[in-house]
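Read through the structure below, which is laid out as structure tokens, and then see the notes.
The values are calculated or read from the model by the stated rules, or taken from the named source; none is laboratory data. Here the structure is a predicted model, which means the values were calculated and not measured. Because the Cβ atoms are built from the backbone with ideal geometry, glycine has one as well, and the counts that use them run over all protein chains shown. Just so you know, the surface numbers come from the protein's heavy atoms only, side chains and all, with ligands and any DNA or RNA stripped out. Shrake-Rupley method; radii C 1.70, N 1.55, O 1.52, S 1.80 Å.
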Amino acid sequence: MIQTGITKLDDYLMGGIPDGKSLVYYSHPGVEGNVFGMQTLYHNLAEGKKCVFVASSSDPSMIKDMFKEFGWDLDAYDENLIVVDAYSGLVGATSNEKYVVENPESIDLLNESIEKVMEELDENSTIMFESLSTIMDLCGEKETIDAVKNWNLHGMLYEHVLIYNFTAWPYDSKTLDLIKHELFDAVITVGGIAERVIYGQYFGVLKTEWSDIELKSMLFRVLRPGGIRIYIPKIVVTGPYNAGKSTFVHALSTRAVSVDRIGTTVALDHGHVDHKGFSADIFGTPGQERFDPIIKMLSGEAMGIFLVVDSTNTKDFVRAKQMLEITKAYGLPLVVIANKQDQSGALKPEEIRSHFNIPENVQIMPTVADKGEGVFEAFEALVNKITEVV
Amino acid sequence: MSGYSLGIEKIDELIGEIRSGSNIMMIGPPMSGKDDIINTIIYNGIKDENSVIFVSTREPGERVLEWFKQNDQDTFDAHIGIVDCVTKTLGMVASDTEYIKRASSPVDLTGIGVKISQFFEEFLMKKNIPNTRLCINSLSTILMYSNIQTVFRFLHVFTGRVKSANALGIYVVEDEMHDPQTIATLKQLFDGMIEIKSNGDGFAMRIVGFTPKPTPWFNYEIDGMNIILQESE
Ligand SMILES: Nc1nc2c(ncn2[C@@H]2O[C@H](COP(=O)(O)OP(=O)(O)OP(=O)(O)O)[C@@H](O)[C@H]2O)c(=O)[nH]1
Ligand SMILES: [Mg+2]
């Protein structure tokens, strides 16, 4: 079994891709689906695995450069990276690669090279097709489909994992249906949220042969360097006055701003978190009651909520409970932050649970926000809740 | 949503404002000044505070920028995004810049598509610029590496995106390089054409598709940023 190296996707795939299986990243034109295959390839090289890159639309001498854009240095893996050059022949360039397809428009020649490389590999490996759509454009839809069937069969035989990047141009609808439903063991769709233009990207699991996971779509963004990050556009941090919300937002964030007056937040805090494959924008609300409309407004489009309480300040728990009610109405994933654990008299999470009557399925995480203790554990707890497999 | 004008005086008067969401093919023989004409149309867009997305298959991105710098320093905080399909094809290592994103090659339609979409998002969503011109110079280069069905599929997607973005699309095609069937196939995707033909010593142009009848042919001369039309025949 190999991993895709993409946060959450491996969970959705029940751990990754079993040996001998095939997976296609099926992308709508204009979204960055091609990065998925690259990230999977890099992840496997970094794991010490042998990998094959089938170049169809890029000069092999440019491949390292392409990966470097994401901060992925391939120099250390020369031994383990094999390139099948199905590009140079197209532009009349000479190739330095061991496996060269003299005429990339010939499916037979390509087929020959792919079969050969699969046979000659001395261990089960990951084979990544840079662009199945380019192969299809050059060799024809029917011809390519037949070849893919053969490659997947070979993959099964030699227990290689085959990864394909595919851009869903308006091909024959039969072709697209075959790709989406029949040819591959797993299909990951990569799409765009569009209104006039594409302004957001998501991926989802359309099918897997080895598990029956319900389809779930995740927003993502691509960082350079960094690669694919699960994107959570809005997490709201709420809680009573002076509980440590602003401190919590700043402790998590790579960059953050607060609109404060005399030490209390009057508008909101905004921070950006980049942690373990997640990229999130977090918004802190003011704590005082007169700002409750802001909490409602902010919670509207949120994907999750932190409720911060000062663990020493039991008299504020009434207020906290009231805020819990305001936000609970939205039915969002919620994590309670038991802050100021460093102070004497601070209640432990389980004590807070009984005070509040908080159900067992809501996690309560201890933190010392001004020292940054526990804040990332709390973040992980919430994003896991937001992205959990249903 | 306002429409577009080409910046070629007499022609703009004749055809009126071009509806937003329109896609136009510019077709003409080699050496007829198509590059200058397309640059003029872009330049006119910049003056109108449009953003410009320019897919260059024949010149590195830096060269395209230079043309504008040479001709007019002032426009240079313009919102221009170049998709450079040349530099990496030549095997040169160069990273992206504020104005230039690089595709792997003219075969890399996936990459070209991603970069066009990113500029669209940047200009329309992040910078809130309502009008954008997308120029591809040229389809003929792309057709050297990909067959007509492939290019048709690509254009089908992106002429559609131009439409939904209320942008203006202009696509350059070399005359005489393609068979009539290819041209006929491409034509189906466009709302109108800028046709160029050689005419005695020089060249003439006309616009088809935006008026009930094609405009008359105009001989023209190029003077820096200006296309100067002579009297029609
Ligand atoms: N001892 C201790 N002090 C903390 C901790 N977290 C925050 N504080 C302090 O608590 C005070 C209030 O913190 P803020 O982050 O401003 O609280 P807030 O919830 O944003 O407050 P409002 O916006 O006014 O509602 C500050 O003086 C912080 O330094 C903690 O874990 N331990
Ligand atoms: Mg605050």
Of residues in segment A:257-277 being crowded, with 16+ Cβ neighbours inside 10 Å and within 11 Å of ligand 2 (Cβ to nearest atom), the one farthest from the other protein chains (Cβ to nearest Cβ): A:THR265
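Matching residues to (1) part of a loop (DSSP other than H, G, I, E, B); (2) more than 12 Å from chain B (Cβ to nearest Cβ); (3) surrounded by fewer than 24 Cβ atoms within 10 Å (Cβ to Cβ):
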| residue | (1), (2), (3) |
| --- | --- |
| A:GLY5 | yes, yes, yes |
| A:ASP11 | no, yes, yes |
| A:SER57 | yes, no, no |
| A:MET62 | no, no, yes |
| A:MET66 | no, no, yes |
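Output the residues belonging to segment A:302-321 that are within 13 Å of ligand 1 (Cβ to nearest atom) and open to solvent by 10 Å² or more (accessible area, probe 1.4 Å). Lay out the reasoning, then the answer.
Within segment A:302-321, the first condition is being within 13 Å of ligand 1 (Cβ to nearest atom), and the residues that meet it are A:306-313, A:316, A:319-320.
Within segment A:302-321, A:ASP310, A:THR312, A:ASN313, A:ASP316, A:ARG319 meet the criteria.
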Filter result (assigned to a loop (DSSP other than H, G, I, E, B) and in contact with a Lys or Arg (Cβ under 6 Å, 6 or more places away or on another chain)) within segment B:1-43: B:GLY3, B:GLY21
Qualifying residue in segment A:210-226 (condition: open to solvent by less than 70 Å² (accessible area, probe 1.4 Å), within 16 Å of ligand 2 (Cβ to nearest atom) and either in a strand (DSSP E or B) or not assigned by TED's automatic domain parsing to the domain that holds A:ALA369 (or both)): no
For B:ARG161: the one exception among (1) touching a Ser or Thr at 6+ places or on another chain (Cβ under 7 Å); (2) among the basic types (Lys, Arg); (3) buried (at least 19 other Cβ atoms within 10 Å of the Cβ): (1)
Residue that is nearest to ligand 2 (Cβ to nearest atom) [pool: residues in segment A:278-301 that are open to solvent by less than 10 Å² (accessible area, probe 1.4 Å) and closer than 30 Å to A:ASP10 by Cα]: A:ILE282
Residue within segment B:142-154 that is in a strand (DSSP E or B), out of contact with any Cys (no Cβ under 9 Å at 6 or more places or on another chain) and among the aromatic types (Phe, Trp, Tyr) present: no
The one condition in (1) open to solvent by 50 Å² or more (accessible area, probe 1.4 Å); (2) under 22 Å from A:ALA320 (Cα atoms); (3) polar (S, T, N, Q) that A:THR254 fails to fulfil: (2)
Residues (open to solvent by less than 90 Å² (accessible area, probe 1.4 Å) and not in a helix (DSSP H, G or I)) located in segment B:55-66: B:VAL55, B:SER56, B:THR57, B:GLU59, B:PRO60
Single match in A:TYR42, A:TYR26 (criterion: farther than 14 Å from A:VAL161 by Cβ and assigned to a strand (DSSP E or B)): A:TYR26
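Of the residues that make up segment A:81-100, is at least one of a type in the set (Asp, Glu) and free of Cβ contacts under 8 Å to residues at least 24 places away in the same chain?
Going residue by residue through segment A:81-100, those that are of a type in the set (Asp, Glu) are A:85, A:97.
Among the residues that remain, those that are also free of Cβ contacts under 8 Å to residues at least 24 places away in the same chain are: none.
Within segment A:81-100, none of the residues are of a type in the set (Asp, Glu) and free of Cβ contacts under 8 Å to residues at least 24 places away in the same chain.
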Conditions (1) open to solvent by 20 Å² or more (accessible area, probe 1.4 Å); (2) within 17 Å of the chain's Cα centre (by Cα); number of the one not met by A:SER246: (2)
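Could you tell me whether any residue of segment B:175-183 is part of a helix (DSSP H, G or I), open to solvent by 10 Å² or more (accessible area, probe 1.4 Å), in contact with a helix residue (DSSP H, G or I) (Cβ under 6 Å, 6 or more places away or on another chain) and more than 14 Å from chain A (Cβ to nearest Cβ)? Quick ask: steps written out before the conclusion?
As a first pass, look at segment B:175-183 and keep what is part of a helix (DSSP H, G or I): B:180-183.
Imposing the further condition that a residue be open to solvent by 10 Å² or more (accessible area, probe 1.4 Å) reduces the set to B:180-183.
Subsequent filtering for residues that are in contact with a helix residue (DSSP H, G or I) (Cβ under 6 Å, 6 or more places away or on another chain) retains B:182.
Still in the running and more than 14 Å from chain A (Cβ to nearest Cβ): B:182.
Scanning segment B:175-183 turns up at least one residue that is part of a helix (DSSP H, G or I), open to solvent by 10 Å² or more (accessible area, probe 1.4 Å), in contact with a helix residue (DSSP H, G or I) (Cβ under 6 Å, 6 or more places away or on another chain) and more than 14 Å from chain A (Cβ to nearest Cβ).
Does segment A:239-248 contain any residue that is under 18 Å from A:THR367 (Cβ atoms) and in a strand (DSSP E or B)? Explain how you work it out, then say what you get.
Narrowing segment A:239-248 to residues under 18 Å from A:THR367 (Cβ atoms): A:239-248.
Next, only the ones that are in a strand (DSSP E or B) stay: none.
Looking for residues that are under 18 Å from A:THR367 (Cβ atoms) and in a strand (DSSP E or B), one finds none in segment A:239-248, hence no.
Out of segment A:347-367, which residues are part of a loop (DSSP other than H, G, I, E, B) and open to solvent by less than 20 Å² (accessible area, probe 1.4 Å)? So that I can check it myself, show each step before the final result.
Let us first name the residues in segment A:347-367 that are part of a loop (DSSP other than H, G, I, E, B), namely A:347-348, A:357-362, A:367.
Listed by number, the residues that qualify are A:ILE358, A:THR367.
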Output for segment A:270-296, where each listed residue is closer than 18 Å to A:SER246 by Cβ and not in a strand (DSSP E or B): A:THR285, A:PRO286, A:GLY287, A:GLN288, A:GLU289, A:ARG290, A:PHE291, A:ASP292, A:ILE294, A:ILE295
Any hit, segment B:67-83, residues being basic (Lys, Arg) and not in a helix (DSSP H, G or I): no
Every residue from segment A:240-278 that is near ligand 1 (Cβ under 10 Å from one of its atoms) and modelled with pLDDT of 90 or more: A:PRO240, A:TYR241, A:ASN242, A:ALA243, A:GLY244, A:LYS245, A:SER246, A:THR247, A:PHE248, A:VAL249, A:HIS250, A:ALA251
Flag if B:ILE129 is open to solvent by less than 20 Å² (accessible area, probe 1.4 Å), more than 10 Å from chain A (Cβ to nearest Cβ) and either touching a residue at least 24 places away in the same chain (Cβ under 8 Å) or assigned to a loop (DSSP other than H, G, I, E, B) (or both): yes
